[in-house]
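Just below is one structure, and these are the notes that go with it.
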Amino acid sequence: MRRLGSVQRKMPCVFVTEVKEEPSTKREHQPFKVLATETLSHKALDADIYSALPTEKVDGTCCYITTYKGQPYLWARLDRKPNKLAEKKFKNYLQSKQNSKEFFWNVEEDFKPVPECWIPAKEIEQLNGNPMPDENGHIPGWVPVEKHNKQYCWHSSVVNYEFEVALILQHHPDDPGLLEISAVPLSDLLEQTLELIGTNINGNPYGLGSKKHPLHLLIPHGAFQIRNLPTLKHNDLLSWFEGCREGKIEGIVWHCNDGCLIKVHRHHLGLCWPIPDTYMNSKPVIINMNLNNSLLTKTWRQLCKYIWIISPPFSKNKIKSIS
């Protein structure tokens, strides 16, 4: 599995953005929109965006795989956020930014507590050994997904710690036109970030599963390469998203040679998301089962049954099972 950039911090937009005082179509109760201009950002140019690898931005929740208690573990995203008093001070600072004074955080006092097992995300700035907040006032981080933690029950559904495997959706290795669901050793995914998608994640934009038969899958970041992207111009990308079948996606993430990640979201271009008939849902799916393991066999047989019954976006596209 090819290793690409790891999502450990907020990704900048490929274009310079501007704020418009109009109700957001991305977030409820947000009275403004963040829209892309026609100018490429300095961060994108500095990262040599023209030689970067464009991939599909998948709509789910970010996860991370690293060791915990001596074995590979799935970790859920948990940002450390400021308490009410610190948040009020920070908002007042943002509203009066013309005073040019720098805002100083007291990490030990200004932030809500997190579990002892919490770890800060990689690549974030540190001061005197303490992780520092990003421009939104959050400290990105991770917590391990324990087997019986109800808060992360949907995360737990895609991993088996006894056999150290994860349920992965990616392109079939021999046919990029096919998707494949398979059990991948967690050790093969160490230090990678992935997107958890499914029935109970982010409003389920891909229509997977049902309340009675929920279905969740992990997709490694960068797994869906975009092969026919137009030039890096605002109008060309807008036309691609609106008129191309491959453009029926949430957005694009460019993986740059220096490890930098640059994105553009449909909302940056004034387009709606979610949308019906996404590009991911148009592809046939193969389920790769390992029949040498009785527990995995049972899990995979249930998976085949559930996808046939409750996931029309996949089941209408000729699902096959192989062992």
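None of the figures in this text is laboratory data; all of them are computed from the coordinates on show. This is a predicted model, so every value here is computed, not measured. Virtual Cβ from ideal backbone geometry, glycine too; neighbours counted across all protein chains shown.
Note the full-extension length gain between N83 and F163 as 0.36 nm times their separation in residues minus their Cα-Cα distance, in nm to one decimal.
Answer, rounded to one decimal: 24.8 nm.
Set the Förster distance to 30 Å, then compute FRET efficiency between E109 and T61 from the Cβ-Cβ distance, nearest 0.05. Provide the component values of the computation, followed by the final result.
Numbers: r = 29 Å, r/R0 = 0.97.
Rounded to the nearest 0.05, the efficiency is 0.55.
Can you give me the pair-distance distribution of the range 147-276, C-alpha pairs, 10 Å bins, whole percents?
That works out to 10, 35, 36, 16, 3, 0, in percent per bin.
Can you flag which of K81/K211; K10/K101; K91/K150; K150/K211; K112/K211 are past 28 Å Cα-Cα? Before the final figure, lay out each step's value.
Details: K81/K211 31 Å; K10/K101 24 Å; K91/K150 33 Å; K150/K211 16 Å; K112/K211 33 Å.
Beyond 28 Å: K81/K211; K91/K150; K112/K211.
Based on the Cβ-Cβ distance from S187 to C117, what FRET efficiency comes out when R0 is 22 Å, to the nearest 0.05? Spell out each step's value before the answer.
On the way: r = 20 Å, r/R0 = 0.92.
My answer for the efficiency is 0.60.
With 20 Å as the cut-off, how large is the P(r) tail for the range 71-214, expressed as percent of Cα-Cα pairs?
61 percent
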